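See below for the structure under consideration.
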Amino acid sequence: MEEIIGYTVGGLLSILLVALVTFAIRLGKRWMQEADDGWRRDLIETLVQAAEQMFGDGRGRDKLAYVRRSLDKRGVEVPAMEIEAAVYRETKGNGTAANGAANGETA
């Protein structure tokens, strides 16, 4: 009888250990993804700020091309909406976002 209880407890502990390891792996993957997303977001923000500084008001196509080229050099693929969101955050305070949109320009 004691042997059966020993095997049962051992089996339950093994299952618990597998569950804990699985949870730790998933948590680690999530943490790594969040860190990567933060790094990428910071990179896009920096490139958009640099483009705004280099090209000034207007010239949205030149700024977008600069940001895209810089991302391509680093091997970073980014959907256009992420760049547009960074442009919006950068320009919403100084009114250039509305001016660029009125001129049919993006980035």
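Looking at (1) of a type in the set (A, V, I, L, M, F, W, C); (2) surrounded by 13 or more Cβ atoms within 10 Å (Cβ to Cβ); (3) at pLDDT below 90, which is the only condition LEU43 fails?
Single failed check for LEU43: (3).
Somewhere in the range 11-21, is a residue touching a helix residue (DSSP H, G or I) at 6+ places or on another chain (Cβ under 9 Å), among the β-branched types (Val, Ile, Thr) and assigned to a helix (DSSP H, G or I)? I'd like the intermediate steps shown before the answer.
Our first condition is that a residue be touching a helix residue (DSSP H, G or I) at 6+ places or on another chain (Cβ under 9 Å); within the range 11-21, this holds for none.
Among the residues of the range 11-21, not one is touching a helix residue (DSSP H, G or I) at 6+ places or on another chain (Cβ under 9 Å), among the β-branched types (Val, Ile, Thr) and assigned to a helix (DSSP H, G or I), which makes the answer no.
Just to be sure, is VAL67 free of Cβ contacts under 8 Å to residues at least 40 places away in the same chain, surrounded by 14 or more Cβ atoms within 10 Å (Cβ to Cβ) and β-branched (Val, Ile, Thr)?
no
When the range 76-95 is examined, which residues are found to be small (Gly, Ala, Ser) and either assigned to a loop (DSSP other than H, G, I, E, B) or over 12 Å from ARG41 (Cα atoms) (or both)? Explain how you work it out, then say what you get.
Residues of the range 76-95 that are small (Gly, Ala, Ser), as a first pass: 80, 85-86, 93, 95.
Hits for the range 76-95 are ALA80, GLY93, GLY95.
On the given criteria, is TYR7 assigned to a helix (DSSP H, G or I) and at pLDDT 85 or above?
On the way: assigned to a helix (DSSP H, G or I): yes; at pLDDT 85 or above: no.
The answer is no for TYR7.
Within the range 36-51, work out how many residues are touching a residue at least 40 places away in the same chain (Cβ under 8 Å) and more than 13 Å from the chain's Cα centre (by Cα).
Here the count works out to 3.
Being under 18 Å from TYR88 (Cβ atoms), basic (Lys, Arg) and part of a helix (DSSP H, G or I) is the filter here, so list the residues in the range 30-75 that pass it.
The answer is ARG40, ARG41, ARG61, LYS63, ARG68.
The values are calculated or read from the model by the stated rules, or taken from the named source; none is laboratory data. All values reported here derive from a predicted model rather than from experimental measurement. Neighbour counts are summed over all protein chains in view; Cβ atoms, including those assigned to glycine, are modelled from backbone coordinates with ideal geometry.
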